[in-house]
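For reference, the structure is listed below as structure tokens.
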Amino acid sequence: MKIDSLPIPNRLRDSYLGLGITELYPPQEACVKAGLFERKNILAAIPTASGKTLIAETAMQKEISVGGKCLYIVPLKALASEKYDDFSGKGVSVGIATGDPDQRDEYLGKYDIIVATSEKTDSLLRNKAEWLKRVSLLVVDEIHLIGDESRGATLEMVIAKLRYQNPNLQIIGLSATMGNPEELAKWLDAELITSDWRPVDLREGVFYDGKIKFHDAERVVPAAKKDDDINLLLDTVDEGGQCLVFVSSRRSAEAYAKRAAGALKRSSPALDSYAERIAKADTTASGKALAEAVRKGAAFHHAGLPREARAAVEEGFRKGDILVISSTPTLAAGLNLPARRVIVRDYQRYDAQTGMNKIPVMEYRQMAGRAGRPRLDPYGEAILIAKDKSRVDELFEEFIDAPAEKIRSQCQKESELRAHLLALISTEFTNSRSEISAFMERSFYASQRAVHRRLDKNIESALLFLEDSGMIERLGDAVSSTYFGSLSSKLYLAPESALMIKAVFAEHANDEFSAFAVLHLLCMTPDMFRFYLKASDERMVDDILLKRGDEIWFEEFSEEFFGAVKSAAVIEEWISETSEEMIAERYSIGSGDVHAAVENLKWLLHAASRITHEFAPALEDGIKKLEIRAAHGIKEELIPLISLKGIGRVRARRLFERGITTPEELLKAD
Ligand code: ADP
């Protein structure tokens with residue numbers, strides 16, 4: 001099927017033709033035939049790189065040409081900007097939904113396409129953004145994440161709510177291959193498209209003893225060096241390809257890149273310039289290690305890197321200057337960075353509860369799917385490494401020939417159900433017990449189960465919790481939220497977090513408090529991403545407790561408690577004007593991690609200031625000051641100066657040291 005024959009605006013058609021895209025790939029054609037342009041719901045569960053974005057983009061542009069509005073949901077913020085770039089500049093207006101959780105962002109209503117994460121969409125729904133009612137086409141990228149333990153429930157509820165409020169909504173679900181696509185398609189009332197077609201031939205095999213075994217062939221890998229994982233790299237590079245190496249931890253990713261750099265030993269002006277960009281963007285030890293590796297043609301990639309360093313690595317790889325990237329699995333899910341050979345080196349993962357486990361087949365597939373650059377590589381190879389001979393056949397069975405897992409609704413979890421029921425009630429999506437049941441009957445959760453008694457029991461116990469916590473009220477069948485309940489939901493707090501914050505503030509409503517106490521409280525809530533506590537951190541945490549233990553409002557000595565001490569200490573450094581690099585060094589974390597923790601805490605401080613406003617007004621002023629300090633990374637004395645445009649933490653400090661401490665003084669200065 002020709003691109004020419006599609007009912008899409010000329011401008012889009014021309015942009016495809018300009019990229020050499022003239023003909024639809026077979027799975028894309030199947031979507032068109034299934035009614036993509038007749039507003040049929042579609043679930044495309046097809047391999048990585050089979051062109052899912054084009055399916056969505058053509059449907060969106062057609063929908064816009066007849067006056068529609070499109071919402072494109074992505075799993076990660078980083079992907080939101082990638083998609084924003086993809087869709088922009090092609091004759092339609094594109095907006096990206098970021099910003100604080102309790103904003104409605106009504107300005108977004110003016111765009112044709114809005115790109116948002118599922119969490120952001122959920123918070124827009126909770127704050128009743130009007131424009132959401134006008135969305136006529138919903139695209140959900142990576143929709144299999146409905147089965148993801150930490151975020152699946154939110155995605156499921158977002159889809160359910162949008163369908164409920166926009167009855168005429170067309171839904172397009174884009175998914176990796178999964179074990180039970182029929183179940184998801186049935187829930188979505190969607191036409192199911194599955195396929196194992198790929199634009200580049202994929203060869204999957206297992207390496208052992210100097211050879212890669214494929215189903216129907218073997219390939220000898222020269223033993224140039226002592227390590228197998230390096231020989232596999234050199235083998236591909238020698239024939240003009242690049243490699244992606246998936247490992248289980250950041251530390252392993254960094255270590256691999258270092259070894260690879262030593263083996264590759266490339267040098268070029270292009271590599272030097274990437275290295276310099278990285279060294280500038282990330283002055284931590286890890287940033288220096290990355291820059292050094294890149295100088296020789298190797299890189300690592302993980303979520304702890306600052307954005308600019310990541311961008312340099314991606315660009316260098318796309319342009320073919322960087323020959324290998326070692327990465328934690330985050331890269332597999334999102335970014336479009338194919339390479340001729342993918343080495344899945346670590347297919348076991350450690351879990352604190354269950355020990356070593358093999359990674360899910362779905363995850364293996366996503367990594368393997370990155371092999372082979374369309375039109376650039378003659379084929380792609382995905383290689384597992386066997387440690388002994390008996391493992392060779394097992395690895396074929398466990399990964400290469402294994403069916404992908406089935407996905408399961410995550411709405412059975414008590415904490416998820418509490419949060420989402422509270423949201424339903426406080427936005428008046430549902431106003432009675434019977435409406436709640438009716439709504440939940442239409443969830444993916446209910447559709448996956450023959451017997452619904454359990455669902456009803458879970459709903460009842462979640463409602464009881466919310467009632468006991470003073471978040472909802474019930475009168476006969478009627479259910480409504482209290483002011484506190486609505487506020488928590490709008491602030492996007494987990495009910496447990498809101499309760500903890502409110503209770504502790506109420507108890508200390510008239511006390512003096514230290515910044516550290518507040519930070520520690522917020523770091524105790526389930527909404528804070530806490531730093532993992534390493535064995536080597538124990539002394540540091542003990543030291544902090546010895547000095548600061550009296551300030552803290554908790555005394556419970558749980559894992560959360562100690563983790564919160566470390567996280568609070570990191571944030572306190574930030575608001576004491578320690579540089580990001582220094583903090584990263586001191587606490588052995590990535591500078592991207594410092595940033596992520598600060599972002600997380602800024603939101604919690606904002607939520608906390610709203611809660612104190614209602615329930616502990618004497619504390620409000622102090623919390624607001626902390627909010628400003630966290631936003632800018634400053635001590636309290638710089639607050640007046642920071643209100644000036646163009647003055648950041650460094651300049652404000654310089655002015656202060658010269659005796660200029662307020663905007664008025666600055667005006668008077670020459
Ligand atoms: P997926 O999301 O399925 O992993 P993408 O949508 O990112 O894959 O597409 C992978 C690549 O294939 C992109 O670079 C895209 O431009 C290209 N592509 C998509 N459809 C076609 C087509 N019909 N012909 C040629 N190239 C295509």
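Every condition in (1) surrounded by fewer than 22 Cβ atoms within 10 Å (Cβ to Cβ); (2) within 20 Å of ALA190 (Cα to Cα); (3) away from the ligand (no atom under 15 Å from the Cβ) is met by CYS70 except one, and the failing one is (1). Of all residues in the range 8-28, those satisfying the criterion of being surrounded by 15 or more Cβ atoms within 10 Å (Cβ to Cβ) and either away from the ligand (no atom under 12 Å from the Cβ) or charged (D, E, K, R) (or both) are ILE8, PRO9, LEU12, ARG13. Kindly indicate whether any position in the range 482-504 is without any contact (Cβ under 8 Å) to a residue 24 or more places away in the chain, in contact with an Asp or Glu (Cβ under 9 Å, 6 or more places away or on another chain) and part of a strand (DSSP E or B). No, the conditions are met nowhere in the range 482-504.
Can you find, within the range 29-41, the residue that is farthest from the ligand (Cβ to nearest atom) among those that are part of a helix (DSSP H, G or I) and touching a helix residue (DSSP H, G or I) at 6+ places or on another chain (Cβ under 6 Å)? Only one residue tops the list, namely PHE37. Each residue in the range 53-82 was checked for being under 15 Å from ASP122 (Cβ atoms) and part of a helix (DSSP H, G or I), and 2 pass. Taken as a whole, the condition of being among the hydrophobic types (A, V, I, L, M, F, W, C) and modelled with pLDDT of 95 or more does not apply to VAL200. Tell me which of these GLY210 doesn't satisfy, since it passes every other one: (1) touching a residue at least 24 places away in the same chain (Cβ under 8 Å); (2) more than 30 Å from LYS406 (Cβ to Cβ). Going through the list (1) touching a residue at least 24 places away in the same chain (Cβ under 8 Å); (2) more than 30 Å from LYS406 (Cβ to Cβ), GLY210 breaks only (1).
Of the residues LEU290, LEU305, the single one that is surrounded by 23 or more Cβ atoms within 10 Å (Cβ to Cβ), in contact with an Asp or Glu (Cβ under 8 Å, 6 or more places away or on another chain) and over 22 Å from LEU76 (Cα atoms) is LEU290.
Being among the β-branched types (Val, Ile, Thr) and under 14 Å from LYS90 (Cβ atoms) is the filter here; which residues of the range 47-79 pass it?
THR53, THR58, ILE64
For the range 73-89, taking the residues that are modelled with pLDDT of 90 or more and more than 13 Å from the ligand (Cβ to nearest atom), the one that is surrounded by the fewest Cβ atoms within 10 Å (Cβ to Cβ) is identified as GLY89. Taking the numbered list (1) within 16 Å of the ligand (Cβ to nearest atom); (2) among the basic types (Lys, Arg); (3) in a helix (DSSP H, G or I) in turn, ARG163 passes all entries but (1).
In summary, ARG198 fulfils each of the numbered conditions (1) in a loop (DSSP other than H, G, I, E, B); (2) in contact with a Leu (Cβ under 6 Å, 6 or more places away or on another chain); (3) not small (Gly, Ala, Ser) with the single exception of condition (2). Here ALA160 does not qualify as among the hydrophobic types (A, V, I, L, M, F, W, C), surrounded by 23 or more Cβ atoms within 10 Å (Cβ to Cβ) and in contact with a Lys or Arg (Cβ under 7 Å, 6 or more places away or on another chain).
Of SER437, SER443, which residue is farther than 27 Å from LYS120 by Cβ and among the small types (Gly, Ala, Ser)? First the steps, then the outcome.
Working: SER443 fails: farther than 27 Å from LYS120 by Cβ.
Being farther than 27 Å from LYS120 by Cβ and among the small types (Gly, Ala, Ser) holds for just one of SER437, SER443, which is SER437.
Here is the figure for the range 265-291: residues that are in contact with a helix residue (DSSP H, G or I) (Cβ under 7 Å, 6 or more places away or on another chain) and assigned to a helix (DSSP H, G or I) total 15.
Pairing each residue of the range 404-427 that is in contact (Cβ under 8 Å) with a residue 40 or more places away in the chain with any residue that is assigned to a helix (DSSP H, G or I) and among the aromatic types (Phe, Trp, Tyr), provided the two are 6+ apart or on different chains, yields C-beta distances under 6 Å for SER409/PHE444; SER409/TYR445; CYS411/TYR445; ARG418/PHE465.
Within the option set GLU512, GLU428, GLU496, being under 19 Å from SER123 (Cα atoms), over 26 Å from the mean Cα position of the chain (by Cα) and surrounded by fewer than 18 Cβ atoms within 10 Å (Cβ to Cβ) holds for one residue only, GLU428. Take the conditions (1) within 16 Å of the ligand (Cβ to nearest atom); (2) in contact with a strand residue (DSSP E or B) (Cβ under 6 Å, 6 or more places away or on another chain); ALA386 misses just one of them, which is (1). Of the residues ALA49, ALA44, the single one that is outside any helix (DSSP H, G or I), within 11 Å of the ligand (Cβ to nearest atom), touching a helix residue (DSSP H, G or I) at 6+ places or on another chain (Cβ under 9 Å) and within 26 Å of ILE146 (Cβ to Cβ) is ALA44. Taken over the range 169-182, the residue count meeting the criterion of being in contact with a Ser or Thr (Cβ under 9 Å, 6 or more places away or on another chain) and modelled with pLDDT under 95 is 2.
The values are calculated or read from the model by the stated rules, or taken from the named source; none is laboratory data. Only a predicted model underlies this, so the values are computations on that prediction, with no experimental measurement involved. A quick note on method: Cβ atoms are made from the backbone with ideal geometry, for glycine too, and the neighbour counts reach across all protein chains shown.
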